[in-house]
Amino acid sequence: MIFNDFNPLEDKTFRIIDNDGKVINNELLPVLDDETVIKAYKAMLFARTADEMAISFQRQGRMYTYPPNNGQEALQIAAGMIMRENDWLVPAFRELGAMLAKGVSMKEIFLYYMGYEEGSNFKNANHVLPICVPIGSQLLHATGIAYSVKLQKKDEVVFPFIGDGGTSEGDFSEALNFASVWKVPVIFTIQNNQYAISVPVRSQTKSVNLAVKSVAFGLPGIKVDGNDFFAMYAAYKEAFEYSKAGNGPVLIEAYTYRKGAHTTSDDPTKYRAKEEELEWEKADPLKRLKKYMEGKGIWKENEEKLIEEYKLEVEKQFTEAENFRPYPLEDVFRYMYTDMPDDLKRQKADYEQFLKWKEIRK
Ligand SMILES: Cc1ncc(C[n+]2csc(CCOP(=O)(O)OP(=O)(O)O)c2C)c(N)n1
Ligand SMILES: [Mg+2]
């Protein structure tokens, strides 16, 4: 088992290709045909293109605050390739690649960031929970779903995601603990992108790494190079087989880097050095996988042309989202309860008054 060979207590990191795309661990290289590797790269490239366009649309004032994913594509696409239709994706808010891989559309993603409820109601993606902003809470949902899966003897595995900062929340420990005690099928992924907004990991924990937190709760854990598509794929594959067979949960720390800002409201130059960003640039997941493919002579596509195609597709989906139905004030208050409680009714009436007052003042 790979998990046995990379003991997080010894701070080992599981890696298969280096920054130049060279295989350094041939023994554990997953068996994937060329076509599948190319498909994975294209999915990563699509996710990156879509992400960059989302930032641009936000900058144009055409949608609200957005959390960039640039740099975190490999681990997300690897997870997406392992998840089956009935497996559950339980995202936080920086899982664009995994959501796309599960069948969520960019139109739905855009609708979410325009405030529409329909941006959480995925038409062609099965078993995907809505984006979850209250840090850590989604892990409890994941353990709960897995408990129900086990109770109903279903063949489904649950894939929740959390950030490095999220591991300091009580919810993280509670979810891992009970998933382990109940021996339910959950694969927890920590996207350790080194920061929680401006707070670096070293200010977050005294643990030697984040995977080691699995030890206390009695489940297998592994720290993986999150920018190494092959290592992430191999780790997920093993975790998946293990959990699916009824052995209980697994914790994967995907060691990666958030290349962009925390959100479009953040400025990372205020808290991190350019040198650090340049150092991580060398480990960029797309560059690494492309170098691997070039080394094998299997990458023959015109990348510029591909990006142009992807941009047209994303643009089309954005236009559809932008021309969606009007946004009534009612929607802000409507979806939390079946019957709107009195205090929300009051808030809504107050806000309507305020809008009227603004209109009169014009
Ligand atoms: C319970 C809770 N506390 C605080 C916040 C504000 N907040 C939003 S993102 C964030 C940092 C999250 O960092 P991390 O878990 O590392 O995820 P990342 O943003 O790096 O993907 C915080 C503190 C929140 N959304 N929910
Ligand atoms: Mg983080």
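The values are calculated or read from the model by the stated rules, or taken from the named source; none is laboratory data. In this text, all values refer to a predicted model and were calculated from it rather than measured experimentally. Cβ: placed from backbone, ideal geometry, glycine included. Neighbour counts: every protein chain shown. Areas reflect the complete protein model, heavy atoms only, side chains present, ligands, DNA and RNA absent. Shrake-Rupley method; radii C 1.70, N 1.55, O 1.52, S 1.80 Å.
The number of residues in the range 164-177 being more than 9 Å from ligand 2 (Cβ to nearest atom) and buried (at least 19 other Cβ atoms within 10 Å of the Cβ) comes to 5.
Given the criteria assigned to a helix (DSSP H, G or I) and touching a residue at least 24 places away in the same chain (Cβ under 8 Å), does residue 310 qualify? Yes; evaluated as a whole, the condition is true for this residue.
When you look at residue 125, is it small (Gly, Ala, Ser), within 16 Å of ligand 2 (Cβ to nearest atom) and either farther than 16 Å from residue 250 by Cα or open to solvent by 20 Å² or more (accessible area, probe 1.4 Å) (or both), yes or no? For residue 125, the condition - small (Gly, Ala, Ser), within 16 Å of ligand 2 (Cβ to nearest atom) and either farther than 16 Å from residue 250 by Cα or open to solvent by 20 Å² or more (accessible area, probe 1.4 Å) (or both) - is not met.
Within the range 259-312, being of a type in the set (A, V, I, L, M, F, W, C), under 14 Å from residue 70 (Cα atoms) and in contact with a Phe, Trp or Tyr (Cβ under 9 Å, 6 or more places away or on another chain) holds for 280, 283, 286. I'd like to know if the range 149-156 contains one or more residues that are assigned to a helix (DSSP H, G or I), surrounded by fewer than 17 Cβ atoms within 10 Å (Cβ to Cβ) and within 16 Å of ligand 1 (Cβ to nearest atom). No; the residues of the range 149-156 include none that is assigned to a helix (DSSP H, G or I), surrounded by fewer than 17 Cβ atoms within 10 Å (Cβ to Cβ) and within 16 Å of ligand 1 (Cβ to nearest atom).
Residue 133 passes every criterion in (1) surrounded by fewer than 18 Cβ atoms within 10 Å (Cβ to Cβ); (2) out of contact with any Phe, Trp or Tyr (no Cβ under 7 Å at 6 or more places or on another chain) apart from (2). Against the conditions (1) more than 22 Å from residue 311 (Cβ to Cβ); (2) open to solvent by 50 Å² or more (accessible area, probe 1.4 Å); (3) in a helix (DSSP H, G or I); (4) not aromatic (Phe, Trp, Tyr), residue 39 satisfies every one except (1).
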